Amino acid sequence: MSTNIPTVPMTLEGASVLHQMLRVDWNAWTALDDERRAALVDELSQWLDAQSGSAAFGMLGHKGDLMLVHYRQDFAELLAAQRAVQRLGIGAYLSATSSYLSVVELGLYESTRKIVDELKAKGLQPGTEEWDKAVEETLERQRGAMRGRLWPEIPNTKYICFYPMDRRRGEEKNWYTVPFAERQRMMHEHGLVGRKYGGLVKQIISGSIGFDDWEWGVDLYADDALWFKRLIYEMRFDEVSAAYALFGAFYIGVRLKADELSSFFRPQTA
Amino acid sequence: MSTNIPTVPMTLEGASVLHQMLRVDWNAWTALDDERRAALVDELSQWLDAQSGSAAFGMLGHKGDLMLVHYRQDFAELLAAQRAVQRLGIGAYLSATSSYLSVVELGLYESTRKIVDELKAKGLQPGTEEWDKAVEETLERQRGAMRGRLWPEIPNTKYICFYPMDRRRGEEKNWYTVPFAERQRMMHEHGLVGRKYGGLVKQIISGSIGFDDWEWGVDLYADDALWFKRLIYEMRFDEVSAAYALFGAFYIGVRLKADELSSFFRPQTA
Amino acid sequence: MSTNIPTVPMTLEGASVLHQMLRVDWNAWTALDDERRAALVDELSQWLDAQSGSAAFGMLGHKGDLMLVHYRQDFAELLAAQRAVQRLGIGAYLSATSSYLSVVELGLYESTRKIVDELKAKGLQPGTEEWDKAVEETLERQRGAMRGRLWPEIPNTKYICFYPMDRRRGEEKNWYTVPFAERQRMMHEHGLVGRKYGGLVKQIISGSIGFDDWEWGVDLYADDALWFKRLIYEMRFDEVSAAYALFGAFYIGVRLKADELSSFFRPQTA
Amino acid sequence: MSTNIPTVPMTLEGASVLHQMLRVDWNAWTALDDERRAALVDELSQWLDAQSGSAAFGMLGHKGDLMLVHYRQDFAELLAAQRAVQRLGIGAYLSATSSYLSVVELGLYESTRKIVDELKAKGLQPGTEEWDKAVEETLERQRGAMRGRLWPEIPNTKYICFYPMDRRRGEEKNWYTVPFAERQRMMHEHGLVGRKYGGLVKQIISGSIGFDDWEWGVDLYADDALWFKRLIYEMRFDEVSAAYALFGAFYIGVRLKADELSSFFRPQTA
Amino acid sequence: MSTNIPTVPMTLEGASVLHQMLRVDWNAWTALDDERRAALVDELSQWLDAQSGSAAFGMLGHKGDLMLVHYRQDFAELLAAQRAVQRLGIGAYLSATSSYLSVVELGLYESTRKIVDELKAKGLQPGTEEWDKAVEETLERQRGAMRGRLWPEIPNTKYICFYPMDRRRGEEKNWYTVPFAERQRMMHEHGLVGRKYGGLVKQIISGSIGFDDWEWGVDLYADDALWFKRLIYEMRFDEVSAAYALFGAFYIGVRLKADELSSFFRPQTA
């Protein structure tokens, strides 16, 4: 589909992702009797366990109390997950304060160039049917090779950091008018910083152009939240971030597995 | 009316459009007994069926639960549709979180030039009564020829993507001070990208200058939501989008026909 | 008072104007019995009839359900009108979602120049008491001559379009640093476009510097809402609008006279 | 403390000021019986009378119903006043929609220069203890001389206009990088316009850097609200306002003395 | 980790900080009987006393009624503190209006340079394992030396001023593209102003990149609130603030120790 290569980088898509930021109606919740409450938390825990791609986090601050992250096959399944949460007994005590809809994505700034060169070397011409078919075959092969990163499990860390971001489209500085080779170079340098934190912070990028109010969603997972700050602060000096990154709200959550979920929702200190 | 041609492109208008983003009061809804609930969903389904230009979508995320899209003859009919939804039994469980008001529109960047040339060739002068009459006659002919696109049916796809947008009026980059021929060229290139996705994404543009807070509304309809992202991402590198497009919030919905509507509103998983 | 002429254009002020955007609590309203409801709508209708300068409009979209527009002698009378609406029986079912406070205004870009020239020709000097007195006398004469436009009746059309606007005060483009003669020329060209739509759209400009969050309020009245879009779209290419106009939210309403008011507030379709 | 003179203008501070914008719960209020309501309004009136620095205004539009303005010795006294209002019987029917916290301030652009020159003439050096002590003594003398303006009574006019404002800190136009002498010249010209309206509009400037979300608060008091618009419109063409002033929301109130307060809160038209 | 020195300044982190801005439901609170109310305030007081790093402030204006500031070991402990407040009896009468999440931070603009020079003098190369280890050892030593500033007690003053801020990343003026030496010089000059107010205002800087919506949080503590304004106003003329500082909302609180807390929550004036 992308014949103007190398203007638009080729992109691989994987899992559909919904972040739900939810407020707990603590007063109504506290008014329940212990047994009922325990049953409702149990039901939520069991539902989470039964899903392969859903996890719960306790949120810090006023932006919500509970963050649920869902990875699914497509948007119809995400809508089903969203309705399923509302249908749980605990759903009556939750209301949405925010959310984010996106699709796990790998932007192929490096490969795009290579693929185009190879196809041109084979004598194919952009804009022809043969070209489009060859591109699609190559992408399909890469989707297979990248399967693990496109359809990831939710990392098993203590903390999550989620934020949406844009590439700047200012009157002077405009990412979308920067030549492909320049963008490729900046994205490459950007990637090097991320790699330095590879063992400490697990990063999942999802695309949301056409789906939500920012262009990308970023999930960072780590066992020590300080690495979120260190990684993002260092990246902020990258050329691509310094000049072209705009950031939305930041959401921090503490992982709630079955046990912690139960103690999080307990109205008395244990 | 447009004597300064070729500054202002001629424009054809068709159906009046209202997008309603609605929140469901799930707690009150769940408190109803099954029979009453079924009756209310039935009533909504029948009302939707009885309208030629209304459709329902389940919304992803916190921006609303239900999106209703209405195409009508004029704004008075849209107000009647809005009041009709409030008057339905289910209306008591719905509240508006957002909305968008617009009119289906075809901007004639290509034809404007041709029409002006033809009329001048006939010896007519802009600003005269004859000129205005000849322009109006031409537009009326085009309204007839474009009837299908100006008064469209709501496409029968699984997903909808709606967003409003502006042309930038910045201190440096200002669409409204770009010469007509330049705008025509950029819109032409923009259209070529849209055409590539023609079989995959059905696009309906509506104008909202003077009606709502952005200048245009865009509805995309597709059976696979990924095409929304691919189309909009590729377009973002167009000159006209890169330099002159500003985007509002994005709303994604999953089509709810009678059956799905009934299961969407069921308080238990089937 | 304006001695620095020709920097500040002379301005004539007339009626004080309040736009009220109100939400109806439909659930509480529907819960009333028919007789009570009819009595409350009657009371509102009679109150509106008894005012010379108040009118009601049904609003499209989520920004409100009912728009009330009040023209009065001064702000104290507007406050009385606002309290009077709250005191009506129906007031208990209305809450404000937005509002706009302004004063009908005629900016004398053309006359300012002429007046200054005439007074200078008479040997008067700006900044003197004689000058100020002569200016005030001239303005008073013009207030008399323009009485009909300064103290207008609310036009009797089917649709209203209201929006607030600013003149841009950007770092580069700044209306308030443009020389008077340039501003006068741009406002003159701007006025010519408005005049073309004279028979189709009735326009009332009110000033809100010091009164509300934008500098001006614009009311357009027409029997066909499409003319709002056509007029504003054509104006958007004017030099003064293209470079110096910033727009707030747009509100569209459908006129509700006594009969329509009654049917608008009926909880069942007639 | 300000040794970098003449970068930072010396400033005198006086009364601490809190503006409270409050919504009345009219439905709950109306549900009270007449006697109870009269008693609560009486209690509010008596409380206001007993304060030397508090006044009430009926607000136009949807930003609130009642504005209370409090002038006090310091912030602890303002907190006491705020709690006192909540503790009044009527406090149960009021909720805050907005507020503004500031301190009456006189910016000494003119005197700063003179003081510095005098102290230098005496052989004192900026940055020394002697210099700081001499500056503080001078300021203390001025605080005494300006006592009436620093600790003003709330002017006894019919209308109030309140708005917050900033000096622009843009990428190009930045007030805080303009040389002192330039700023002094612009502030001087700005003051001349204000002086022209001296008999018609009473102006009280308060500083809110470090206290609230804008840098200054402006209170205008007049018996005819039109003068607010005329004064601010003329000032908008001043160099300092045109290039460097950014404005927040505007709040207009009508003075409610004991009698008017009683009639304002009456649920029926008298 | 920071091999690109001297691009990214080295940074020391200490206590995790949560600011909670809370609204009191005064009507429900007032409806309690005196005994119950006293018991709930006692419980809160005792909880605060039992924490080494929590304090309460009465808030001025509409942004909230009560500010709780918590300093803890990490985010998990902050989440526990947040849940503990909700679990207190008084928690049922509090709801969050805002919050801020950050980590106490010392930016080592001065030392970064020195450390790099020393390590290079020892023959170490940036980007090597030895370099990273040596840097980490140096930082660890500094963390020890700076322990008191990294893990501060909440200063025992009458007033608090909290606000978040960013360094500007504009199209022209962009902090993150300024050479390290320039940034170091500007931060040095900025620090000199702060030092002048050292005895009057206690300042605690916390970093929030990756944690909350602004890059830094600033807490100022003083016994006279005027010093907040004087300090921030003087700093606003610093090169780094004038050109590169963007500010969020400002929150002012009056310290509530056990006695004051009790009188603050009393529904009648003592």
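The values are calculated or read from the model by the stated rules, or taken from the named source; none is laboratory data. Just so we're clear, the structure is a prediction, and the values are computed from it rather than from any experiment. Methodologically, a virtual Cβ is constructed for each residue, glycine included, from the backbone with ideal geometry; neighbour enumeration extends over all protein chains shown. With ligands, DNA and RNA removed, areas are computed over all heavy atoms of the protein, side chains included. Shrake-Rupley method; radii C 1.70, N 1.55, O 1.52, S 1.80 Å.
Looking at (1) under 30 Å from C:N27 (Cα atoms); (2) open to solvent by less than 20 Å² (accessible area, probe 1.4 Å), can you tell me which one C:L119 breaks?
(1)
With assigned to a loop (DSSP other than H, G, I, E, B), away from chain A (no Cβ under 14 Å) and either open to solvent by less than 10 Å² (accessible area, probe 1.4 Å) or touching a residue at least 40 places away in the same chain (Cβ under 8 Å) (or both) as the only criterion, which of E:P126, E:P152 stands out?
Only one candidate passes the filter, namely E:P152.
Find the strands (runs of 3 or more DSSP E) located wholly in the range E:1-113 whose residues include 3 or more that are away from chain D (no Cβ under 14 Å) and open to solvent by less than 10 Å² (accessible area, probe 1.4 Å), and list them.
E:11-24, E:66-72, E:94-107
Taking D:V193, is it at pLDDT below 95, touching a Leu at 6+ places or on another chain (Cβ under 9 Å) and either within 9 Å of chain C (Cβ to nearest Cβ) or in a strand (DSSP E or B) (or both)?
Answer is yes for this residue.
Would you mind finding the one in D:Y221, D:Y251 that is of a type in the set (S, T, Y) and touching a Gly at 6+ places or on another chain (Cβ under 9 Å)?
Sole residue among the options that is of a type in the set (S, T, Y) and touching a Gly at 6+ places or on another chain (Cβ under 9 Å): D:Y251.
So D:C161 clears everything in (1) more than 29 Å from D:I232 (Cβ to Cβ); (2) in contact (Cβ under 8 Å) with a residue 40 or more places away in the chain except one condition, right? Which one?
(1)
Of the numbered conditions (1) without any contact (Cβ under 8 Å) to a residue 24 or more places away in the chain; (2) within 11 Å of another protein chain (Cβ to nearest Cβ); (3) part of a loop (DSSP other than H, G, I, E, B), D:G198 satisfies every one except a single condition; which is it?
Unmet for D:G198, out of (1) without any contact (Cβ under 8 Å) to a residue 24 or more places away in the chain; (2) within 11 Å of another protein chain (Cβ to nearest Cβ); (3) part of a loop (DSSP other than H, G, I, E, B): (2).
Just to be sure I understand, how many residues within the range D:252-270 are at the interface with chain C (Cβ under 7 Å from one of its Cβ atoms) and either in a loop (DSSP other than H, G, I, E, B) or modelled with pLDDT under 95 (or both)?
Final tally of qualifying residues: 3.
Looking at the range C:208-251, which of its residues are within 7 Å of chain B (Cβ to nearest Cβ), in a loop (DSSP other than H, G, I, E, B) and buried (at least 22 other Cβ atoms within 10 Å of the Cβ)?
C:A225, C:F250
Residues in the range A:7-15: is at least one farther than 30 Å from A:E130 by Cβ and more than 21 Å from the chain's Cα centre (by Cα)?
Within the range A:7-15, none of the residues are farther than 30 Å from A:E130 by Cβ and more than 21 Å from the chain's Cα centre (by Cα).
Cβ-Cβ distance below 6 Å, separation of 6 or more or different chains: which pairs start in the range D:166-193 with a residue that is closer than 15 Å to D:T112 by Cβ and end on one that is among the hydrophobic types (A, V, I, L, M, F, W, C) and not in a loop (DSSP other than H, G, I, E, B)?
Listed by first residue and then by second, the contacts come to D:M186/D:V240.
Evaluate the range B:156-163: report whether one residue or more is closer than 30 Å to C:R167 by Cβ and of a type outside the set (V, I, T).
Scanning the range B:156-163, I find at least one residue that is closer than 30 Å to C:R167 by Cβ and of a type outside the set (V, I, T), so the answer is yes.
Those residues that are of a type in the set (K, R) and either within 14 Å of chain A (Cβ to nearest Cβ) or open to solvent by less than 10 Å² (accessible area, probe 1.4 Å) (or both), I need them from the range E:162-190; list them, please.
E:R167, E:R168, E:R169, E:K173, E:R183
Considering only residues that are under 28 Å from the mean Cα position of the chain (by Cα) and open to solvent by 80 Å² or more (accessible area, probe 1.4 Å), look in the range C:129-149 and name the one that is nearest to C:T7 (Cα to Cα).
Here the answer is C:E136.
Return only the number of the condition from (1) touching an Asp or Glu at 6+ places or on another chain (Cβ under 7 Å); (2) closer than 25 Å to D:H62 by Cβ; (3) crowded, with 18+ Cβ neighbours inside 10 Å that C:I205 does not satisfy.
(3) is the only condition that C:I205 fails.
Restrict the check to the range D:237-244 and report whether at least one residue is more than 22 Å from C:M10 (Cα to Cα) and out of contact with any Cys (no Cβ under 9 Å at 6 or more places or on another chain).
Checking the range D:237-244: at least one residue is more than 22 Å from C:M10 (Cα to Cα) and out of contact with any Cys (no Cβ under 9 Å at 6 or more places or on another chain).
Are there any pairs with C-beta distances below 7 angstrom linking a residue in the range E:14-39 that is closer than 30 Å to E:L106 by Cβ to a residue that is in a helix (DSSP H, G or I) and aromatic (F, W, Y), with the two at least 6 apart or on different chains, and if so which?
E:S16/E:F75
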